[in-house]
Amino acid sequence: MIEAKKSNKIWLTVLLGAFYLFLLAILLNNSFGYLDPDFGWHLKIGEQIWQTKAVPDINHEDYTLLGTRWVDHEWFSNLFIYAIDHNFGYIVLSFCFALLVVLILIIQLVFTRKYFLKNDRGLIFVLFLQGFGLYACLPHLGVRVQEITILLLLLLLIIIYFYNRNKNYQILFWLIPLFIFWASAHGGFLIGLFILGLFTLVKALELWSARKFPAAFIDYGRVLDWKQIAIFAGFSAAALLSTLATPYGWKLYGFLAGYRDGYYQLHLAEWQGQYSFPFVYPQLFYLEIVLVFLALLFFAVFIFKFDHRRQIDIFNAALVIAFTALAIKARRHFPLLFIVSLPIMAEFLIGFFKFDIPPDRFKKFGAIFKIWLPIILSVILLVAGTLIALKINFTDQPEKFYSSTYPYGAIKFLRSHPEWNDRRIFNDYGWGGYLIWQYPERLLFGDGRLPQYPLHGGTVLEEYGAFLDPQKMVAQLNYYQIGLVLVSPREDYPQVHWWEKLIFAVNENNVSADVKKSFILLDYLNSSPAWRSVYDDGTAEVFVKNK
């Protein structure tokens, strides 16, 4: 019996190893499949921090904001990106970020398996959720600073879980270094502060309800008393104050407050809602699973009153509902929903649909399920992972490798024509980060760092949008004394499928019209006698104003 259990454990370990190697291959393939538009400025600002031994404070890259103050709320991440890329290259940097996601998934699995599953019979379902959830997250993964927030969010939830479970305040001391690092690495620490506040509020309401108006549907198994709630609130306040220990202090909050403006949320793809076309179907499908979970939780508690789940953990339910709303509002938040929802959702759904069927039902097939199934799945995953790894286009020269997406050739052309060096450039906004990296000697109109920064009564992104308005573009070109324009001539029209027309009422003409709006400036430059095209490689086109 002992040998059999040991053998089962070995094969399960082999399966998990094969599974995460397979996911690593997927992550690397995704990482080398595109170059993040912000990678260039992350790298260049990291280099600046390394050379000056100080965090950036003054904008030296954009003539629109030249001399204005800004806050790099990702300064530590930028320094890390530069240090790895400079010393080891882009391939090693990509491996670092891919392994970071694998580490997140392993921590999530260990946490879920130990504290949310009764046994390992529902483990395959958890792995399915992890694999599909990761697939849905891929548009937001790669060499992306946001991955640090995903990790720290998971660690924060684990700290809160253990405090809620053991009532031992000592684990809360970890909140201080966690938030100091988080506030230096990514602006997502604000979501962490929101969770601290949410937990405090929910626990206070839970205690009040338990004493004054106890409800049968609420799980009171882990109610905190007022002293324990006060201790948590005190550590939460300390965590908030610890974020001021970063080099920017209060300036950090002043800068992040600027993100209240909603214009960038409507015009930057990853900030758009799930209802925006083109749809990200894996995310929509995962969201459907979450919504089904919430619906079943409601019906199980209030209507069917199933024995296995008749009460709700209010904090867990509030977490899932809050992050579902965030993920629907902005695709960028979907990975956070994935991290928050998986343990809670897996625990409920495995019991609801009885994925953890007792082993005595399969006594005749015990060897198949305990040994042969893990072996077969491991072989399939290793073969699939190997095939994916073999087709990855590894490169240590991303600036050149992605020349079909970014203006690598146009920059070489402009450097060969110094007679235009005194002319102001108007650049494609999505290329700003790349140009800071590859063309640092020229000031730009704007880049991806500061879309929300106030400018002329609006924001930088709104000022950029005025160049695409036929009523304003000529005045904008004259106002900023633009003498050179660097834009993309490529018109990519997303395909509208029949089911999108039928179910989502997507109008193909409206989609085409929206794409055409982004090329209004290009059409003007091509038709105006005041401008001439001097370079076009299909990826980037350069226009020069005639004297």
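The values are calculated or read from the model by the stated rules, or taken from the named source; none is laboratory data. Everything quoted here is computed from the prediction, not taken from an experiment. Positions of Cβ are generated from backbone atoms using ideal geometry, with glycine treated the same way; all protein chains shown enter the neighbour counts.
Here are Ser518, Ser528: which of them is within 35 Å of the chain's Cα centre (by Cα), on the phi < 0 side of the Ramachandran plot and among the hydroxyl-bearing types (Ser, Thr, Tyr)? Quick ask: steps written out before the conclusion?
Values: Ser528 fails: within 35 Å of the chain's Cα centre (by Cα).
Matching residue, one of Ser518, Ser528: Ser518.
State yes or no: is Asn59 more than 24 Å from the chain's Cα centre (by Cα), in contact (Cβ under 8 Å) with a residue 24 or more places away in the chain and over 18 Å from Leu155 (Cα atoms)? Criteria met by Asn59.
One residue stands out in segment 517-547 among those that are in a helix (DSSP H, G or I) and free of Cβ contacts under 8 Å to residues at least 24 places away in the same chain: the one that is surrounded by the fewest Cβ atoms within 10 Å (Cβ to Cβ), namely Ser527. Of the residues contained in segment 256-277, none is found to be assigned to a helix (DSSP H, G or I), over 23 Å from the mean Cα position of the chain (by Cα) and either at pLDDT 95 or above or exposed (fewer than 14 other Cβ atoms within 10 Å of the Cβ) (or both). Of all the residues in segment 60-80, those that are more than 20 Å from Leu444 (Cβ to Cβ) and among the hydrophobic types (A, V, I, L, M, F, W, C) number 4. For segment 389-499, the helices (runs of 4 or more DSSP H) that sit wholly inside it and include 2 or more residues that are under 24 Å from the mean Cα position of the chain (by Cα) and under 30 Å from Val92 (Cβ atoms) are 398-401, 432-438. Gly221 fulfils the conditions (1) modelled with pLDDT under 95; (2) assigned to a helix (DSSP H, G or I) except for a single criterion, (2). In summary, Phe348 fulfils each of the numbered conditions (1) closer than 20 Å to Val202 by Cβ; (2) of a type outside the set (Asp, Glu); (3) touching a His at 6+ places or on another chain (Cβ under 8 Å); (4) modelled with pLDDT under 90 with the single exception of condition (3). Considering Ile84, Ile104, Ile150, the condition of being surrounded by 18 or more Cβ atoms within 10 Å (Cβ to Cβ), in the same structural domain as Gly221 (by TED's automatic domain parsing) and β-branched (Val, Ile, Thr) is satisfied by Ile150 alone.
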